[in-house]
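Asks: A single structure is presented below for examination.
Derivation of every value follows stated rules applied to the coordinates shown; laboratory data play no part. Since this is a predicted model, take the numbers as computed values, not measurements. Here the Cβ positions follow ideal geometry from the backbone for every residue, glycine too, while neighbour counts run over all protein chains shown.
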Amino acid sequence: MISEQKIQASIDEVRAIARVDVCVFEPDGRTAASTLKPHELPDRELVESFARSGAESQTISDYHFFKVAVKGRTEYILAAKGSGQDVDVIGRLAASQLCSLISAYEDRYDRNAFIQKLLIDNLQPSYICNWARKLHIRQEAERMVFLIETKYEQDEAALETVRSLFGHVTGDFITTVDEKTIVLVKEMSGTGEEPEHIARTLVDMINAEAMTQVRVSYGTMADRLEEVVKSYREAGIAMEVGRIFYAERVVTAYERLGIGRLIYHLPLKLCEQFVREVLGEGTTELLDEETLATIHCFFENGLNMSETARQLHVHRNTLVYRLEKLQKATGLDIRVFEDAMTFQIALMASAMEKWVKGQAK
């Protein structure tokens, strides 16, 4: 249902333009929004009496009452204060505007509810086809699913930022699937936009507008509506793989997961066996924060000793000492490409092992 803040904003506009005070009530007489002070409002019993009556509009004392009905159901009672034909016309216009606003929000809710059901449930093609037709959603269009994972649960500021960016775009859908995940189903047909650019825009805008950090992932292109669920699942995998193996990345794309995708799909026992074979028993205890930072920096710089030492602000001999110490413990010289690859995979398999065990707790 439409928020009371939206209703208040709507009648504030009426007051500013027409200089007529307007108040909106629930059918039970409770005030939803008003430009009047509390002591100026009509009696609650008066509102309830009009709501129960069969009249669509009524003038009582110094108020013009109107029922705001959507699909045959009275949602609100609108009252315009004043006398004369002008106030009556302004009240009718305000009621009509509010009715249109509610209808638009209900329509958006129905469409988003359908998209949410499409993503989560295993819907039959006939169901998808029928509801897409009823809700005027194109079945054949290029779409991509973006997942936005917020730092805090029920982050309304982040959700509103996403809505401000894409909520007005026809063909785009924004919904939530859990307390920390916002879903953007973005229609890509004819836009020419790069998915990476969209993802980066989401990260930057939410960081700037909502003052919070998020991670964004996205799947592959879906050509038909029923294929959107595949893109959604891919985006989910990309989010998990990014969280496990690429914690430093704020954007992860399913098509660019690299080795992480392969390790993610390996059985836990195979990961455990590989870690034991490569690192041995108890070697992981040697991998303290400083050692891991050194290894990651070395890998990021393409096994370049000089650049790694410069970025770590250490002498080259200090870096050599750390790598030789690691070689003695593991038997792997990560200055050699083949050993570096083996060690990198072992680290990722170890991260996967820890993540799976953490999920089981």
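Asks: Assuming 0.36 nm per residue, please report the length gained on full extension of the stretch SER57 to LYS6 beyond their Cα-Cα distance.
Replies: Gain on stretching SER57 to LYS6: 16.1 nm.
Asks: May I ask you to derive the FRET efficiency for LEU268 and LYS325 from their Cβ-Cβ distance with R0 = 30 Å, giving the value to the nearest 0.05?
Replies: 0.50
Asks: Given a Förster radius of 35 Å and the C-beta distance between GLN85 and ASN130 as r, what FRET efficiency does 1/(1 + (r/R0)^6) yield to the nearest 0.05?
Replies: With R0 = 35 Å, the Cβ-Cβ based efficiency is 0.15.
Asks: Using square roots of five times the C-alpha gyration tensor eigenvalues, list the equivalent-ellipsoid semi-axes of the stretch 243-338 in whole Å, biggest first.
Replies: Here the semi-axes work out to 25, 19, 11 Å.
Asks: With springs connecting C-alpha atoms under 10 Å apart, model the chain as a Gaussian network and identify which of THR150, THR175, THR330 has the largest mean-square fluctuation.
Replies: Fluctuation is largest for THR330.
Asks: Roughly speaking, what is the stretch gain from VAL70 to ARG243, that is 0.36 nm per residue apart minus the C-alpha to C-alpha distance, in nm to one decimal?
Replies: So the extension gain works out to 57.8 nm.
Asks: Next question, about the same structure. Counting helices only, and only those DSSP H runs with n ≥ 4, report the 222 nm mean residue ellipticity of the chain as the sum of -39,500 (n - 2.57) divided by its residues, in deg cm²/dmol to the nearest 500.
Replies: That calculation yields -17000 deg cm²/dmol at 222 nm.
Asks: Between GLU300 and MET221, how many nm apart are label points set 7 Å from Cα along the C-beta direction?
Replies: Modelled inter-label distance: 3.3 nm.
Asks: How much length is gained if the chain between SER49 and LYS180 is pulled fully straight, taking 0.36 nm per residue apart and subtracting their Cα-Cα distance, in nm to one decimal?
Replies: 42.8 nm
Asks: Given the options GLN139, GLN213, GLN311, state which has the largest fluctuation in a GNM of the chain using a 10 Å cut-off (strictly under) for Cα springs.
Replies: The residue with the greatest mean-square fluctuation here is GLN311.
Asks: Quote the charge dipole size of the chain about the Cα centre in Debye, to the nearest 20; the model charges only the Cβ of Lys and Arg (+1) and of Asp and Glu (-1).
Replies: For the chain, the charge dipole is close to 380 debye.
Asks: Of (1) 1.43; (2) 0.96; (3) 2.75, which one was derived for Cα Rg over 2.2 N^0.38 Å from the structure shown?
Replies: Derived directly from the coordinates: (1).
Asks: Sticking with this structure for a sec: Please report, in whole Å, how far the alpha carbons of the stretch 16-138 spread along each principal axis, starting with the longest.
Replies: Largest to smallest, the principal-axis extents are 57, 29, 26 Å.
Asks: Could you pull the Cα extents of the stretch 130-184 along its three principal axes, largest to smallest, in whole Å?
Replies: So the three principal-axis extents are 36, 20, 19 Å.
Asks: Only bridges with both residues in the stretch 122-261 count here: give the DSSP antiparallel percent, nearest 5.
Replies: 85
Asks: From the C-alpha coordinates alone, can you work out the Kirkwood hydrodynamic radius of the stretch 31-83, in Å?
Replies: 11.6 Å is the Kirkwood radius here.
Asks: Considering every pair of different Cα atoms, what Kirkwood radius, in Å, is found for the stretch 122-261?
Replies: By the Kirkwood definition, the hydrodynamic radius is 15.3 Å.
Asks: Okay, next question. Compute the angle between helix 289-300 and the longest alpha-carbon principal axis of the chain, please, reported from 0 to 90 degrees and rounded to the nearest 10.
Replies: 90
Asks: Taking the chain as the reference, fit the longest principal axis to its C-alpha atoms, fit the long axis of helix 316-330 to the helix C-alpha atoms, and give the angle between the two in degrees, 0 to 90, nearest 10.
Replies: So the helix axis and the longest Cα principal axis differ by about 80 degrees.
Asks: Something else: Between the helical axis of 85-120 and the dominant principal axis of the chain, each derived from Cα atoms, what acute angle in degrees is found, rounded to the nearest 10?
Replies: Value to nearest ten degrees: 30.
Asks: Let me know the Rg and Dmax you get for the stretch 87-148 when you use only its Cα atoms, in Å.
Replies: 16.7, 53
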